[in-house]
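Worksheet: the structure to be examined is printed underneath.
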Amino acid sequence: MSRRIALSVAAGVVILGGAGAGALALAHAGEQAPEPAHSSARYTAPDGDRDGSLAFVTDVTASSGVKSVKVLAWPQNSSFAEKGLTAKDMAAAESAVCKPSGQNTVRCTYTVKVTGADAESSPRGVWHVAVLATAKDGTTTLDTKAAGFTVR
């Protein structure tokens, strides 16, 4: 085999191998786990006879679509900070309301009323909002500190 043909064959193997790796990467990228982004939380304390609220918003994208988004607010000085929050801990968390906002993306909102009694019994200080996003293909993503707020 001439040297020129051997070099051409070797170059072809490299090019085809690279194309195969690229196709594999694209196939894997098509199986994107749910990804929360642009998360924010707003806490308004009760005032007199007026209730307060906690409002949380996040955008979640998953290539197979988003099945559910669960939300849990937790104080920084809690047992979750020591042992770490898990997907199992999120099983009983409340669901956010999600509406389509783009291809494979939903905008999820969670709002809860905060009464004077709720505020009195809540620890003061920094709080975090955890999000468990589940895609239609069953993959999950847990972001334990998607957003934060302060209870004064």
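If the cut-off is 18 Å between C-alpha atoms, which aspartates and glutamates fall inside it for Lys83, apart from same-chain ones fewer than 8 positions away?
Asp143
Determine which lysines satisfy two conditions relative to Lys136: a Cα distance under 16 Å, and not lying fewer than 8 residues away in the same chain.
Counting by Cα, and skipping residues close in sequence, Lys136 has these lysines nearby: Lys67, Lys70, Lys99.
Could you give log10 I(q)/I(0) at q = 0.12, 0.18, 0.22 Å⁻¹ for the stretch 38-152, computed by the Debye formula over C-alpha point scatterers of equal weight, without solvent?
Cα-only, vacuum Debye calculation for the stretch 38-152: -0.44, -0.90, -1.21.
What do the square roots of 5 times the Cα gyration tensor eigenvalues come to for the stretch 51-94, in whole Å, largest first, as semi-axes of the equivalent ellipsoid? Please list the in-between numbers first.
Details: eigenvalues 100, 56, 18 Å².
Working from the Cα gyration tensor, I get semi-axes of 22, 17, 9 Å.
Output wanted: per-residue J couplings in Hz (rounded whole) for the stretch 35-45, from phi through Karplus 6.51 cos²θ - 1.76 cosθ + 1.60, θ = phi - 60°, x for Gly and Pro.
For the stretch 35-45, the Karplus-derived couplings read 10, x, 8, 6, 7, 8, 10, 10, 10, 10, 6 Hz, x marking Gly and Pro.
If you put +1 on each Lys and Arg Cβ and -1 on each Asp and Glu Cβ, how big is the dipole of the stretch 36-152 around its Cα centre, in Debye rounded to 20?
In debye, rounded to 20, the stretch 36-152 gives about 260.
Using θ = phi - 60° and the Karplus relation 6.51 cos²θ - 1.76 cosθ + 1.60, list the HN-Hα couplings for the stretch 86-97 in order, rounded to whole Hz, with x at every Gly or Pro.
With the stated coefficients, the stretch 86-97 comes to 10, 4, 5, 4, 7, 4, 9, 5, 7, 8, 7, 9 Hz.
Which value results when the Cα radius of gyration for the stretch 61-119 is divided by 2.2 N^0.38 Å?
1.39
Values in this text are rule-based calculations from the coordinates and carry no lab data. From a predicted model like this one, the values you see are computed outputs, not experimental measurements. Cβ atoms come from the backbone with ideal geometry, glycine included; neighbour counts cover every protein chain shown.
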